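Student: Structure incoming, see below.
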Amino acid sequence: MITKPVKEWNKLIQKYLFFYRDGFFELPYLSNTPRIMVDSLIKIPVTRHKPLDQAIYTNNPFCKGVMHYREIEDGLWVLATNIDIKQNVIAKTLYDDAEVSDYYFLSFSVFEYEFPTGNTSADTATLLSKCWTFYKPKTEVSTYFYKGTTGKFCNFVFNKKWAENNLSSQILSRGHELQNFLNTDTGFLTWLDVVPNIDDTSKEIWRILEKNNTDSFDAINLKIEIHKIITAFFKTTLEDNRIQEYKSLSNIDYSNVAKAEKIVLHHLTSPFVGVENMALDVNVSPTKLKSIFKSVFGTSILQYHKEKNMLLAIQLMQNSNLPIKNIAVATGYESASKFTAAFKNRFNILPSEVLRPS
């Protein structure tokens, strides 16, 4: 949180922008409302605003990208970002206590990164990482981006009034459970992939947003697509006990969970480092870390490591000609046999049955 008003953001950004800490450069932004977020990003010295395009561009030593923003209807926005990461960056939400904060952020992201598969810089496979996140007003979120990654993410942002008018009626019998969840205090949840056909839908949203000519802007179709995504997301996730039984954590807890996930992702090519070691790095007890991590991700830290590890493995199978024994080593397994058993348990096929590149 910050207590100084938004009008002093120019002074605050000089203190916070790209501050180096723990191997990452900080990129802060205000998150009270979509309008305040857009205004805070416009005022960052390394951005360039094109009001007619409703787009914010940046190209600096740390990242390069563009964010398209649109207010779809009263209480509903879409913020779509395409970004290339040049240095390790941590994006951090900040809030102005003097301003209203009543917007929820639902984000879908697809990031590409190059994974080394040989002895030269040209020996790489392009891999994908997909993720859904949802956070409530006044929840401080830290998102780590690693150097060399590139990707897109769409934020579907709506306030409480819009949710009351649009979500409960569409979700029908589960509407009261959703309202109970939305009415709790802070909250931050993550899923790896929960909405069918989201790739095609997100591409259509990008196609519409990238039309710079406002005369040809397809607002009606954009509104329909976004309504479908938000409804599909909640229809699916309401089956998740995390929503039905959700209890808010503190913003410090959410920060510690983000640090723990960063450790997991940084060690995907090694055997699991252990909760006790991670807890020491995060500076919380192992019991506490296990509890808050499961609250956010819906799984244990070990299971999360295994799932991300297997997703890495199958993408290496599909996008490179690395021998299976090399993929086993690259994903932290002591032997090809243990890797094969884990792969078969996760995907119900043997690694040798995966279609490889020609």
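The values are calculated or read from the model by the stated rules, or taken from the named source; none is laboratory data. The structure presented is a predicted model; accordingly, all values stated were derived computationally and were not measured. Cβ coordinates were reconstructed from backbone atoms using ideal geometry, including for glycine residues, and neighbour counts include every protein chain displayed. For accessibility, only protein heavy atoms count, side chains too; no ligands or nucleic acids. Shrake-Rupley method; radii C 1.70, N 1.55, O 1.52, S 1.80 Å.
Student: Say R0 is 35 Å: what FRET efficiency, to the nearest 0.05, do SER300 and ASP74 get from their beta-carbon distance?
Tutor: So, using R0 = 35 Å, E works out to roughly 0.25.
Student: Measure nothing fancy, just the Cα-based angle from helix 198-209's long axis to the longest principal axis of the chain, in degrees from 0 to 90, nearest 10.
Tutor: Once rounded, the angle reads 40 degrees.
Student: When every alpha-carbon pair in the chain is counted, what percent end up more than 31 Å apart? Write down the numbers at each step before the final one.
Tutor: On the way: 23983 of 63903 pairs.
In whole percent, the long-distance tail amounts to 38.
Student: Also, I was wondering about something else. What is the distance, in nm, between label points placed 7 Å from the Cα along the Cα-to-Cβ direction at GLU307 and at ASP218?
Tutor: So the two model labels end up 3.3 nm from each other.
Student: OK, next. Taking the Cα centre as origin and putting +1 on Lys and Arg beta-carbons and -1 on Asp and Glu beta-carbons, what dipole magnitude results for the chain, to the nearest 20 debye?
Tutor: The calculated dipole for the chain is roughly 520 debye.
Student: Between LEU280 and ASP39, what length in nm is gained on full extension when 0.36 nm per residue of separation is reduced by their alpha carbon distance?
Tutor: Full-extension gain reported as 82.9 nm.
Student: Please list the radius of gyration and Dmax for the range 34-90, considering alpha-carbon atoms only, with Å as the unit.
Tutor: 11.8, 37
Student: Top to bottom by accessible area (1.4 Å), largest first, where do LYS130, LYS325, LYS308, LYS138 land?
Tutor: The residues order as LYS325, LYS138, LYS130, LYS308, largest area first.
Student: May I ask you to derive the relative contact order of the range 241-314, considering only C-alpha pairs under 8 Å and at least 6 residues apart, and to give it as an integer percent? Show your work: numbers first, answer last.
Tutor: Details: 52 pairs, mean separation 25.0, N = 74.
Across the range 241-314, relative contact order equals 34 percent.
Student: Classify the range 222-358 from the C-alpha gyration tensor, please: rounded if a/c falls under 1.5, else prolate or oblate depending on whether a/b exceeds b/c.
Tutor: Numbers: a/c = 2.41, a/b = 1.27, b/c = 1.90.
Note, shape of the range 222-358 comes out oblate.
Student: In nm, to one decimal, how far is the modelled label at THR287 from the one at ASN326, with both set 7 Å along Cα→Cβ?
Tutor: Here the answer is 4.7 nm between the modelled labels.
Student: Taking every DSSP beta bridge with both residues inside the chain, roughly what % is antiparallel (nearest 5)?
Tutor: Values: 60 of 67 bridges.
Bridges in the chain are about 90 percent antiparallel.
Student: Work out the FRET efficiency for GLU239 and GLN14 from their Cβ-Cβ distance, taking R0 = 41 Å, and round it to the nearest 0.05. Write down the numbers at each step before the final one.
Tutor: Working: r = 46 Å, r/R0 = 1.12.
Plugging the Cβ-Cβ distance into 1/(1 + (r/R0)^6) gives 0.35.
Student: Let me ask something else. Tell me, what is the Rg over Rh of the range 225-287, with Rh the Kirkwood radius over Cα pairs?
Tutor: Result: Rg/Rh = 1.12.
Student: To the nearest 0.05, what FRET efficiency results for THR231 and HIS266 with a Förster distance of 41 Å applied to their C-beta separation?
Tutor: Working: r = 36 Å, r/R0 = 0.87.
After rounding, the FRET efficiency stands at 0.70.
Student: By how many degrees, between 0 and 90 and to the nearest 10, does the Cα long axis of helix 336-347 differ from the longest principal axis of the chain?
Tutor: Approximately 40 degrees, to the nearest 10.
Student: With label points built 7 Å along Cα→Cβ from the Cα atoms of GLU164 and ARG356, find their separation and express it in nm.
Tutor: 6.0
Student: Rounding to the nearest 20 debye, state how big the charge dipole of the range 263-358 is about its Cα centre with +1 on each Lys and Arg Cβ and -1 on each Asp and Glu Cβ.
Tutor: Here the size comes out at about 180 debye.
Student: Sorted by accessible area with a 1.4 angstrom probe, largest first, how do SER202, SER337 fall?
Tutor: SER337, SER202
Student: Then there is this: Keeping all protein chains in place and using 1.4 angstrom, which order do ASP193, ASP22, ASP102 fall into by accessible surface area, from largest down?
Tutor: Putting ASP193, ASP22, ASP102 in descending order of accessible area: ASP22, ASP193, ASP102.
Student: Ordered by packing density, taken as the mean number of other Cβ atoms within 10 Å over each peptide's residues, highest first, how do 24-30, 47-53 rank?
Tutor: Ranking, from highest mean packing down: 24-30, 47-53.
Student: From the phi of every residue in the range 53-70, what ³J(HN,Hα) in whole Hz does the Karplus formula 6.51 cos²θ - 1.76 cosθ + 1.60 yield, where θ is phi - 60° and glycine or proline is x?
Tutor: Coupling constants for the range 53-70: 7, 6, 9, 10, 10, 8, 8, 9, x, 9, 7, 9, x, 9, 10, 8, 10, 8 Hz.
Student: Next up: Could you give P(r) for the range 1-79, binned at 10 Å from zero, as whole percent values over all Cα-Cα pairs?
Tutor: Calculated P(r), rounded to whole percents: 16, 48, 31, 5, 0.
Student: Normalised by the number of residues in the chain, what is the relative contact order in percent for Cα pairs under 8 Å and 6+ residues apart?
Tutor: Rounded, it is 13 percent for the chain.
Student: Beyond 20 Å between alpha-carbons counts as too far, so tell me which of LYS15/LYS147; LYS235/LYS344; LYS138/LYS203; LYS43/LYS64; LYS152/LYS290; LYS138/LYS223 fall in that bin. Present the calculation step by step, with values, prior to reporting the outcome.
Tutor: On the way: LYS15/LYS147 23 Å; LYS235/LYS344 30 Å; LYS138/LYS203 30 Å; LYS43/LYS64 16 Å; LYS152/LYS290 30 Å; LYS138/LYS223 26 Å.
Beyond 20 Å between Cα atoms: LYS15/LYS147; LYS235/LYS344; LYS138/LYS203; LYS152/LYS290; LYS138/LYS223.
Student: How large a share of the accessible area of the chain, in percent, is made up of carbon and sulfur atoms when the probe is 1.4 Å and the other protein chains stay in place?
Tutor: Numbers: 8780 of 17250 Å².
Percent of accessible area from carbon and sulfur atoms in the chain: 51.
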